[in-house]
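Here is the structure we will look at.
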Amino acid sequence: MARRHITLKDPSRFKDPAGLTWERYIALQARERERYLAERAAIPADALAFRSVSPRYLERAVEQFANNFFPEEAATRYIATAAARAPFEELKRCCLFQLADEQRHMEMDRDVFERAGIAERDWLPAWEQPGTTCRFFRHVLELDDPIEILVKANFVAEGAAGPATFAVLADGAEARGDLLSAVNHRARVRDETRHISYARALVKALIDEDPSNLEVVQRWQDESLQLFVEVAKGGARRAWWDGFLASYYKIALPLGLRPSPLG
Ligand SMILES: [Fe+2]
Ligand SMILES: [Fe+2]
């Protein structure tokens, strides 16, 4: 029978790559918030009220806003589960720092929805329609194994939706006059990079400790990527999907993982 749960028997194999302590993290959070508020304060009032974008942009952007807001809301919840159940302190601390990050990202995305004047009753339907990342995040929210959560959400999903994806989203929003979304994406990516790197350190430690853990991580990768296939919209988002897989495989293949059979 395939193993469902793996853990690090020797926690000293895992070190937070960012080397954060509570003191350093709190200073970093405060600096990030200050920088974000300064960048947002520099946005002209017209753009901040979404009067500088076309009505057509707003109509199409609701799905994108939902694909920003709800994953951040989900992340705030699943990383709280991972923190509560983390098997050792160093990992628990990384999860708690991330919890504070994700909560801030969720606030930024709520602000976009509100300033764009989109009624709250329209947010969830935009997220639940086919072709969004909803299926993946609802799956993660059902998990209670902290290692499985971190592998699927941080290593696979954040690793795939990595810095390149957010740069594309930021540039696209900016080109269409949506300066607030651009500032948000650039702020979130500075944190996501840290979330990916501690998950990568965890996966590497798991495989180094016991090479048979690789097969469990492989299965979690296969399950996760399969849940994202529908977001590619049958080829309509080919460039996005290719970039998504490429940025994930760039970190995963060197650890011995194989491309997933996707269908
Ligand atoms: Fe986030
Ligand atoms: Fe994150």
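The values are calculated or read from the model by the stated rules, or taken from the named source; none is laboratory data. This is a predicted model, so every value here is computed, not measured. All Cβ positions, even for glycine, are placed from backbone atoms using ideal geometry, and neighbour counts span all protein chains on display. Protein only, heavy atoms only, side chains kept; ligands, DNA and RNA dropped before computing areas. Shrake-Rupley method; radii C 1.70, N 1.55, O 1.52, S 1.80 Å.
Considering only protein heavy atoms and a probe of 1.4 Å, how much of the accessible area of the chain is carbon and sulfur, as a whole percent?
That share works out to 57 percent.
Give me the one-decimal Kirkwood hydrodynamic radius in Å for the chain, with the sum taken over alpha-carbon pairs.
Answer for the chain: a Kirkwood hydrodynamic radius of 19.1 Å.
Pairs of Cα atoms under 8 Å, at least six residues apart: use those to get the relative contact order of region 186-263, whole percent.
33
Is it possible to state the helix-based mean residue ellipticity at 222 nm for the chain, with each DSSP H run of 4+ residues giving -39500 (n - 2.57), the sum divided by total residues, to the nearest 500 deg cm²/dmol? What is it?
That calculation yields -22000 deg cm²/dmol at 222 nm.
Which three extents, in whole angstrom, do the alpha-carbon atoms of region 25-78 cover along their principal axes, largest first?
Largest to smallest, the principal-axis extents are 41, 31, 9 Å.
From Cα pairs below 8 angstrom and at least 6 apart in sequence, can you work out the relative contact order of region 30-178, rounded to a whole percent?
Normalised by residue count, the contact order of region 30-178 is 34 percent.
As a test question: what accessible area, to the nearest 10 Å², does residue 208 have when a 1.4 Å probe is rolled over all protein chains in place?
80
What is the chain's relative contact order, in percent, from Cα pairs under 8 angstrom and six or more apart in sequence?
After rounding, I find 26 percent.
Which value does Rg/Rh take for region 91-206 over its C-alpha atoms, Rh per Kirkwood?
That ratio is 0.98, to two decimals.
Hey, got a sec? Which trypsin sites (Lys or Arg not before Pro) in region 1-67 land in a DSSP loop and have at most 15 other Cβ atoms within 10 Å?
Answer in residue order: 3, 4, 9, 15, 51.
Pairs of lysine in the chain with Cα under 30 Å and at least 8 positions apart or on different chains: total?
Lysine pairs satisfying the spacing and distance rule in the chain number 16.
Rg and Dmax of region 149-263, using alpha carbons, in Å: what are they?
Cα only, region 149-263: 15.0, 50 Å (Rg, Dmax).
State in Å² the accessible area per residue of the chain; use a 1.4 Å probe, count heavy atoms of protein chains only, and round to the nearest integer.
So the chain comes to 46 Å² accessible per residue, rounded to a whole number.
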